[in-house]
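Working notes, structure below.
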Amino acid sequence: MSFPNPPKAIKLVLLGEAAVGKSSLVLRFVSNDFQENKEPTIGAAFLTQKCTIGDKTIKYEIWDTAGQERFASLAPMYYRNAQAALVVYDITKPASFLKARHWVKELHEQASKDIIIALVGNKYDLVEDSNDELRKVSVEEGKKLAEEEDLLFFETSAKTSFNVNEVFIGIGSKIPDNSPVTETRPENGARIDLSSQPAQKSNSSCC
Amino acid sequence: MSSFHRAERRKSVAERSPSVSYAPDTIPQLAGLEKPQEHNLHIGECDVLVMGTGLVESVVAAALSWQGVDVLHIDNKTCYGDSNSTLTIEQVKSWCQEVNSGRIQHFEDAQVYVTGDIYHPQSKFKSKDYGIDLTPKIMFAQSDLLSLLVKSRVYKYLEFQSLSNFHIFENDSFSTKFANASSKEEIFTDQSLSLLTKRYLMKFLKFVLEDNNDEDKRKTLADNAKVTIYDFLSQKFNLETSQINELIYSIGLCIKPTTKTPEAIARIRRFLVSFNVYGNFPVLVSKYGGPGEISQGFCRSAAVAGTTYKLNTALTDYDPQLKLAKFSDKSSIKINEKLIVAPTQIPKFLQSSYNEITESLKKVNISRLVVIVKKDCKEWMADQECSAMVVFPPESLNSQNKTSIQALIQNGGTGVCPPGQSIWYLTSFEQDSIKAKQDLQCAFEKMESSILRESSDLDDVLDENLSVNKSGTSLVVNSVKLGKSLQNFVPKETLEIICKFGFTQKTYVLNDLSNVINPTDENNVSLRKTKDCEDIIFTNMPSSEISYDGIVKECKTIYQAITGSDDDFFDVDFEDDDEFNPAGFHQQPTTSSSNLKTSDNDMAIASSDDEDNAHPFGADEMEL
Ligand SMILES: Cc1cc2nc3c(=O)[nH]c(=O)nc-3n(C[C@H](O)[C@H](O)[C@H](O)COP(=O)(O)OP(=O)(O)OC[C@H]3O[C@@H](n4cnc5c(N)ncnc54)[C@H](O)[C@@H]3O)c2cc1C
Ligand SMILES: Nc1nc2c(ncn2[C@@H]2O[C@H](COP(=O)(O)OP(=O)(O)O)[C@@H](O)[C@H]2O)c(=O)[nH]1
Ligand SMILES: [Mg+2]
């Protein structure tokens, strides 16, 4: 049994306080859309999006928290094999920036060592014009944390789409070209593809 | 009928439960801030409160949630899975302490031994490199839970691998006569069998695979309802003990010789119909852990549908008049409909109700021994696979075991332990727990000496011995096939053990699952009623069953008790349904390289790579 791999799939997870705009960033990146309070009705809660950087194509599998971050109840499954993470905060909410630090630490503990992390200060549109009094986290603070922890750093707006694609391109260009594909290592059991549904026989007996 | 009227199917998740900001009023100082603030539950009300994140509870939470029910799901532990958890070694240690201090009901007598190895700072492996299941399970390729995983899309969170090798221990050695065949046909065409035996086996195979509605089959089963499968096979089909044993204990995974014919036939049938559904193997195992991993998947699905999750939280009080629940985090929440309570999560004030409900029910003991060894045990596994089953039939061990011992072996390739190691999960169904321990230890020792025999410089030994082997068959094909003469020849090596862990679990689910398959308010915990807790539904402790059979039925029973019907159980139109179009139908042009993105909402991890799957549409019935 061996299944050829489609374009390199990268599991990307989102982390950050509730309401900083994680789901909105995904929606913007995947559908180029922004809707107040709307999440897609998808069973799996991860979206895929291809992203071409130079001559390499990456297929992001983007896992949203599905709200399980609210009471710090993310399951180990969420972090497992994640190759990239966005740690998102809201630049108008200082508390969300403090939380970002926690999530970076959590990633260091739970995720694989070589995970690529981008720190993302969202809702840039709110401070864009002369509305500067809304900004509560300065660019410098964000940059500083990113440097300390060796993270990529962006300020974005899911609402206006400012800098959103850049986050994903930035991560994509840091993904090593030939990261080993674990599935094809012979000593590992082959993965069974359940997405091709077998014909269910009507006389199936199992309960 | 329940009076519960569900809200109309909700339109989007966020419309019902928009993200809420929990920014604290005062911003804490940066220094020393390690953890996010523990929030209280800021929810005014919910429809259903589910306590315990075990597999059944998690499936029910997801099923309710996808039908628009507002669910709050909590667990009094800090990790997911409850009685079905997949634990790290550290978690196992503290779990044992909790059990032995009486804080986790229905578990008893936990013992754990861990070598110092994993604590050395230089040690390559750490506690969290291990995922140890409290209820190890295997999944038949044709089974209702697997169908549900596909239907609910939860399979997307999981990785499945195949398991083909079912070894049976008899006459002091392991064998796999037909259970590691590559097709149903091959199962019964072992060259060493006589023509007559083959004919009887074929006849039996035909009987088992016959449509369940077939008149003759129904009649035969009904007539033999009280006949043990052993008698049935020996009298009706003239089979011999060794074939019968393999059919009953290995293929059928029955646990005792008194298993009645209908149950055993149902069990043998599930093995046979599972062949060639996804490939030439009957069984799948999920990577990184079994039921613990699958419950996490359903919890995630439930969360996507709007369920609120909070671990490390217990119910402390409930006022049935006001329907007001109070929690250990000091919050109180109105529960509009029901409370679903796992037996490990029962608060003190509900204990007497639970005792009353379970008073007249038969209690079943399950004893387990889990051993992590420094060997990959490849010798027991089929090529390319990382798991195997070993079964010890009754009376096969020196301890005179009355029931069978079932052992699931998984090595590092399944992600449950580091490479070069494996976890052995041994289960005993013996009701006397002292006897159960002896049986388990005895079976473990047999496995230990077998794997040492198998893996110690085999090539050298065999080169010399193969030449005198007249039968011409290779001695090391697949299984533990070393003859007795070699057993004493091979030098003694010791098996390095990293962790040894044992406990006993209790459940009110009977071993034949009859009170789950046909639940009544007499026999099943979830349907029993008491006066003072109408709103409360207790769930069952996990059954002794090594497969996932019975799980979906349990979930539907509870679902129905809440909503009045299970007709719409996971009846959801996912927006990503288009992925089930035939491969290639939905392909995007790949030439648009000028675009940054190809808008591609196909959610499949491996959507179009099944062309080389030889029999994607399942097993053809064989001609007889
Ligand atoms: C491990 C396991 C345990 C099961 N336990 C039961 C059970 O206790 N009761 C049950 O009705 N179904 C049980 N089933 C399910 C059973 O195989 C059928 O799927 C189910 O009974 C549906 O009814 P049927 O008439 O279509 O089944 P069929 O497969 O047509 O069964 C034929 C007849 O045998 C009876 N039967 C089947 N299995 C058992 C059994 N284990 N014990 C007693 N009678 C049985 C059925 O009620 C039916 O009358 C079990 C299945 C498995 C794999
Ligand atoms: N102004 C503005 N609002 C945003 C932005 N991103 C998200 N929001 C809003 O913030 C709220 C929370 O967004 P959501 O994506 O649900 O956050 P999540 O909880 O982190 O997933 C919603 O009301 C969004 O409309 C943004 O870039 N600018
Ligand atoms: Mg969100």
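The values are calculated or read from the model by the stated rules, or taken from the named source; none is laboratory data. Since we're looking at a predicted model, the values are computed, not measured. So basically every Cβ, Gly included, is an ideal-geometry build from the backbone, and we count neighbours across all protein chains shown.
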| field | Near pairs, Cβ below 7 angstrom, 6+ apart or cross-chain, from segment B:94-105 (closer than 18 Å to B:D75 by Cα) to any residue that is in a helix (DSSP H, G or I) and modelled with pLDDT of 95 or more | value | B:I104/B:E98
| query | Is one or more of the residues making up segment A:145-157 touching a Ser or Thr at 6+ places or on another chain (Cβ under 7 Å), within 13 Å of chain B (Cβ to nearest Cβ) and either part of a helix (DSSP H, G or I) or within 14 Å of ligand 2 (Cβ to nearest atom) (or both)? | reply | no
| query | Considering segment B:385-418 alone, what residues qualify as being in contact with a strand residue (DSSP E or B) (Cβ under 8 Å, 6 or more places away or on another chain) and surrounded by fewer than 22 Cβ atoms within 10 Å (Cβ to Cβ)? | reply | B:L397, B:G412
| request: Return only the number of the condition from (1) at the interface with another protein chain (Cβ under 9 Å from one of its Cβ atoms); (2) outside any helix (DSSP H, G or I); (3) at pLDDT 90 or above; (4) within 16 Å of ligand 3 (Cβ to nearest atom) that A:F29 does not satisfy. | output: (2)
| request: State whether one or more residues within segment B:120-139 are among the hydroxyl-bearing types (S, T, Y) and within 20 Å of B:N540 (Cα to Cα). | output: yes
| task | Output the number of residues of segment B:295-322 satisfying the condition of being farther than 15 Å from B:V50 by Cβ and of a type in the set (V, I, T). | result | 2
| note | Residues of segment B:543-570 being in contact with a Phe, Trp or Tyr (Cβ under 7 Å, 6 or more places away or on another chain) and among the charged types (D, E, K, R), in sequence order, are B:K556, B:D566
| message | Checking the structure you have, find out if any residue of segment B:376-383 is over 21 Å from B:S85 (Cβ atoms), assigned by TED's automatic domain parsing to the domain that holds B:A443 and either assigned to a strand (DSSP E or B) or out of contact with any strand residue (DSSP E or B) (no Cβ under 8 Å at 6 or more places or on another chain) (or both). | response | yes
| task | Among the strands (runs of 3 or more DSSP E) lying completely within segment A:45-110, list those that include at least 2 residues that are facing chain B (nearest Cβ under 7 Å). | result | A:46-53
| task | Considering each residue of segment A:89-127, count those that are of a type in the set (D, E) and exposed (fewer than 15 other Cβ atoms within 10 Å of the Cβ), and give that number. | result | 2
| Among B:I255, B:I244, which is crowded, with 19+ Cβ neighbours inside 10 Å, within 22 Å of B:T135 (Cα to Cα) and among the aliphatic types (A, V, I, L, M)? | B:I255
| note | Within segment B:102-124, residues among the small types (G, A, S) and within 15 Å of B:I372 (Cβ to Cβ) come out as B:G116, B:S123
| Can you list the strands (runs of 3 or more DSSP E) found entirely within segment B:64-164 that contain at least 2 residues being more than 9 Å from chain A (Cβ to nearest Cβ) and farther than 24 Å from B:C299 by Cα? | B:107-114
| said: Which count do you get for residues in segment B:524-566 that are under 25 Å from B:F140 (Cβ atoms) and either free of Cβ contacts under 8 Å to residues at least 12 places away in the same chain or basic (K, R) (or both)? | reply: 4
| query | Taking the condition at positive phi, more than 21 Å from the chain's Cα centre (by Cα), more than 10 Å from chain A (Cβ to nearest Cβ) and surrounded by fewer than 21 Cβ atoms within 10 Å (Cβ to Cβ), does B:K348 pass? | reply | no
| task | State whether the residues of segment B:189-206 include one that is in a loop (DSSP other than H, G, I, E, B), touching a helix residue (DSSP H, G or I) at 6+ places or on another chain (Cβ under 6 Å) and on the phi < 0 side of the Ramachandran plot. | result | no
